[in-house]
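Enquirer: Handing you a structure now.
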Amino acid sequence: MTPRGLTQVSMSNDREKFEAQWPDLGEAVFTLAPFQGARPPAPQWFVKALADKPEEHFIEVDGVQIQYLRWGDRAKPGLILSHGNGAHAHWWAFIAPYLAQEYNVAALSFSGMGDSQERDSYSLEDYAKEQIAVCEHSGMFENDEPPIIVAHSFGGFATMVTGALYGDRLAGVIIVDSPINPDRDGGPPDREGRPHRIYPTLTDALARFRLAPPQTCENAYIVDYIARNSLKEVEGGWTWKFDPLIWQRFEIGDRAQRLKEISCRLAIMRGERSLIFPPEIGDYMFELLGKNVPVIEIPEAQHHIMLDQPLAFVAALRALLGDWNHSKPNRKGPM
């Protein structure tokens with residue numbers, strides 16, 4: 001996201017504005033351009049993870065079809081993985097198999113994103129309903145142990161609402177690089193809304209894929225996988241899947257208050273090099289939550305932690321989840 005925005009994938013035509021805001025990055029953010037449509041070489045761990053194919057499901061939530069992917073044994077405790085704004089369920093496809101050894105894992109695409117349908121209007125409450133609906137459909141509430149939600153970026157803000165409204169049905173939530181900044185109003189990133197550009201070929205579209213906040217990424221093979229699953233073929237070429245007008249029909253609300261209202265167990269993760277979640281924001285959120293919630297830093301990760309340091313992220317999640325299985329929380333309900 002940009003300083004006022006939360007978009008995971010941004011295709012703004014206003015290059016001058018972009019370059020002025022992020023002058024040190026320039027063309028470097030277009031990770032896939034040098035590959036000219038070819039797939040970057042990938043390590044064996046990544047190839048093996050993607051070979052673990054998930055089930056794909058579509059469920060109706062308030063009249064809209066929501067896509068989710070599922071890995072693992074339905075009889076095991078539930079784990080929901082939630083993406084950032086403009087992203088989709090496949091952002092977790094190379095992470096989920098490492099967690100499915102111990103969990104019934106599901107990754108959803110929020111409405112208006114990925115292969116889920118669009119809505120006439122959007123709210124964090126809608127996304128909270130979608131998360132709970134996936135829990136229900138995937139059998140997570142049939143287990144004696146309630147499910148846990150892991151959520152990145154904008155998905156973390158949706159999960160704050162889920163934890164506040166449905167925390168009594170959850171074992172916990174893990175918020176990943178979703179900053180609450182006391183100096184900003186938390187308004188929507190783009191009230192204007194611009195139609196997506198249509199690129200004549202898939203190669204052209206891949207070359208213009210970039211992350212937001214803009215950043216480089218050494219793991220081009222992950223960026224390539226994400227980008228290919230972010231595109232759809234339309235008349236005249238290729239374009240992005242997410243609803244470009246979503247923020248014209250959205251209210252985000254008071255995120256700090258929702259964070260404090262979470263009634264289940266809570267942990268926070270941040271990337272060591274995240275532009276939008278510097279250490280002082282972690283300190284602020286730590287204080288906001290009465291110093292009873294861990295703030296875990298992933299070394300050398302920028303905002304997109306699962307792209308920058310995927311295996312370190314998996315290790316941190318496994319360690320935290322393992323601890324939660326054998327300990328009791330200090331924090332009791334809303335602050």
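Enquirer: Based on this model, can you work out whether A319 counts as without any contact (Cβ under 8 Å) to a residue 12 or more places away in the chain, exposed (fewer than 12 other Cβ atoms within 10 Å of the Cβ) and hydrophobic (A, V, I, L, M, F, W, C)?
Expert: In short, yes.
Enquirer: Working only within region 203-220, note down all residues that are within 25 Å of I95 (Cβ to Cβ) and either surrounded by fewer than 20 Cβ atoms within 10 Å (Cβ to Cβ) or free of Cβ contacts under 8 Å to residues at least 60 places away in the same chain (or both).
Expert: Within region 203-220, A205, T216, C217, E218, A220 qualify.
Enquirer: Residues being under 19 Å from E102 (Cβ atoms) and crowded, with 20+ Cβ neighbours inside 10 Å: count how many of those fall in region 50-67.
Expert: Residues that pass the stated criteria total 1.
Enquirer: Another question, if that's okay. Which residues, counting only those in region 269-316, are without any contact (Cβ under 8 Å) to a residue 40 or more places away in the chain, of a type outside the set (G, A, S) and assigned to a helix (DSSP H, G or I)?
Expert: P279, E280, D283, F286, E287
Enquirer: Turning to a different aspect of this structure: So, in region 24-49, of the ones that are at pLDDT 95 or above and at positive phi, which residue ends up surrounded by the most Cβ atoms within 10 Å (Cβ to Cβ)?
Expert: G37
Enquirer: A further question follows. Could you list all residues from region 192-226 that are out of contact with any Pro (no Cβ under 8 Å at 6 or more places or on another chain), part of a loop (DSSP other than H, G, I, E, B) and among the small types (G, A, S)?
Expert: Once the filter is applied, which keeps residues that are out of contact with any Pro (no Cβ under 8 Å at 6 or more places or on another chain), part of a loop (DSSP other than H, G, I, E, B) and among the small types (G, A, S), region 192-226 yields only A212.
Enquirer: May I ask you to list pairs of residues, at least six apart or on different chains, whose Cβ atoms are under 6 Å apart, with the first in region 145-170 being under 21 Å from I276 (Cβ atoms) and the second being part of a loop (DSSP other than H, G, I, E, B) and among the hydroxyl-bearing types (S, T, Y)?
Expert: Pairs that qualify, where the first residue is under 21 Å from I276 (Cβ atoms) and the partner is part of a loop (DSSP other than H, G, I, E, B) and among the hydroxyl-bearing types (S, T, Y), are S153/S178; G156/S178; F157/S178.
Enquirer: For region 120-137, state whether one or more residues are over 25 Å from Q257 (Cβ atoms) and modelled with pLDDT under 95.
Expert: Yes, the conditions are met somewhere in region 120-137.
Enquirer: Quick check on my filter: what residues within region 27-82 are basic (K, R) and either over 23 Å from V173 (Cα atoms) or in a strand (DSSP E or B) (or both)?
Expert: Selection gives R39, K48, K53, R70.
Enquirer: If you go through region 68-83, how many residues are over 11 Å from A96 (Cα atoms) and surrounded by fewer than 24 Cβ atoms within 10 Å (Cβ to Cβ)?
Expert: 5
Enquirer: Could you go through region 84-95 and let me know if any residue there is under 21 Å from D168 (Cα atoms) and modelled with pLDDT of 95 or more.
Expert: Pass one, region 84-95, residues under 21 Å from D168 (Cα atoms): none.
No - not one qualifying residue is present in region 84-95.
Enquirer: Now for a separate question. For region 227-247, state whether one or more residues are at pLDDT 90 or above and in a helix (DSSP H, G or I).
Expert: yes
The values are calculated or read from the model by the stated rules, or taken from the named source; none is laboratory data. Worth saying up front: this structure is predicted, and the values here are computed from it rather than measured. Methodologically, a virtual Cβ is constructed for each residue, glycine included, from the backbone with ideal geometry; neighbour enumeration extends over all protein chains shown.
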